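Student: Below are the structure tokens for one structure; questions will follow.
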Amino acid sequence: VTNVRNVVASKSTRAAVDKHSETKQWWQFNDEHSELLTGKVHLGLNKTDVAKLKGKRVPKGCHTSNDAYMLVYTRRTETPAQNLCLEPPACVMAAVEEDNEKLEDWITSAKCCQMESIESVRQKRMDKQNLYSLLNVTDADKDYRFVKTGWLHLWLDEENGDENMTELTDHGLGCIHGNLNVAKAESLKRISVLAADELLGIYGGSLRFGKDSLCTECVVLKCRHMRFASQLADDVRQVAALLKAKSSGAPGFWVGKLSLQRWRRLASEEFYARYPVPDTASPASDDSSPNGTPPPPPGGNGYEEDEEDGRAA
């Protein structure tokens, strides 16, 4: 008796159960494992099938199996019976041949699809590796392009297919002057023009910011704001230390408490009136976020009041 389990299109498990002609004992053969079956053993049945057969009588020396798909007998006589047909009918053979051909065609097609898929993945990986080697900008390159690092991370992720990639654009990277926003520099990667052209040819889009695209006006304004913030912080610490120092009897000046409480506000208002934060909502900019300069808090002072200094004064 040949049992088969886990029947699927590409894999199944088979085990043979034979009855010894002399000892009348049943043996099970599964690959390199052999086992003597004793008692009332239900061949190839799972627990659910065994529960269904519970109570049914099985003659001694016999076994049951729902997984049997082929029975093999041993001829008892040396001389075959007369007019015994040993060959299956022609219609059965034709059906078997047809099924075998379909199975062979399916296996061949599945192998071809698998090989094509593997080759396609390998080729894409090689193309991406070759393109990756072109990203770096060398000293010989006269120009380059800025690309968002987030886009590059998605592109380098092997689990992310090309169908999930968006167009390669630098939208949202401009300042109010139409140049590259200096505040976006940390989220950008510069790549060679050759690599940019290759990526644009594959994914589409446009890149307009290059070597000379960084906005000089925004850089100067950014530096002014950074220096002002640093100088103001130093002045805050110095004034706080002077207010806590004991009087040595030297000549001094009378200063209003309100001025001591709001001197930072006045300094910030004067500075931002001279060097205002660019209006990011200007039509000249394609960016909807600030260009990196510290915007003044509500009220236009640039910094919050320190109530502790007011109390100390």
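The values are calculated or read from the model by the stated rules, or taken from the named source; none is laboratory data. Everything numeric in this text was worked out from a predicted model, so none of it was measured. Backbone-built Cβ (ideal geometry, glycine too); neighbour counts: all protein chains shown. These accessible areas exclude ligands, DNA and RNA; they are computed on the full protein's heavy atoms, side chains included. Shrake-Rupley method; radii C 1.70, N 1.55, O 1.52, S 1.80 Å.
Student: Select from region 119-134 the residues that are outside any loop (DSSP other than H, G, I, E, B) and open to solvent by 70 Å² or more (accessible area, probe 1.4 Å) and list them in ascending order.
Tutor: E119, V121, R122, Q123, K124, R125, M126, D127, Q129, N130, Y132
Student: Within region 135-188, track down each residue that is over 26 Å from C215 (Cβ atoms) and either among the acidic types (D, E) or open to solvent by less than 40 Å² (accessible area, probe 1.4 Å) (or both).
Tutor: Listed by number, the residues that qualify are W155, D157, E158, E159, N160, G161, D162, E163, M165.
Student: Filter region 209-231 down to residues that are of a type in the set (S, T, N, Q) and modelled with pLDDT of 90 or more and give me whichever is surrounded by the most Cβ atoms within 10 Å (Cβ to Cβ).
Tutor: Q231
Student: For region 26-35, indicate whether the set of residues that are hydroxyl-bearing (S, T, Y), modelled with pLDDT under 75 and more than 23 Å from L103 (Cβ to Cβ) is non-empty.
Tutor: No, region 26-35 contains no residue that is hydroxyl-bearing (S, T, Y), modelled with pLDDT under 75 and more than 23 Å from L103 (Cβ to Cβ).
Student: Given the conditions (1) open to solvent by 80 Å² or more (accessible area, probe 1.4 Å); (2) modelled with pLDDT under 80, which single one is not true for R262?
Tutor: (2)
Student: Before we move on, is D99 surrounded by 10 or more Cβ atoms within 10 Å (Cβ to Cβ) and over 25 Å from F209 (Cα atoms)?
Tutor: Yes; evaluated as a whole, the condition is true for this residue.
Student: Return yes when E198 is of a type in the set (D, E) and either closer than 30 Å to E270 by Cβ or exposed (fewer than 13 other Cβ atoms within 10 Å of the Cβ) (or both) and no when it is not.
Tutor: no
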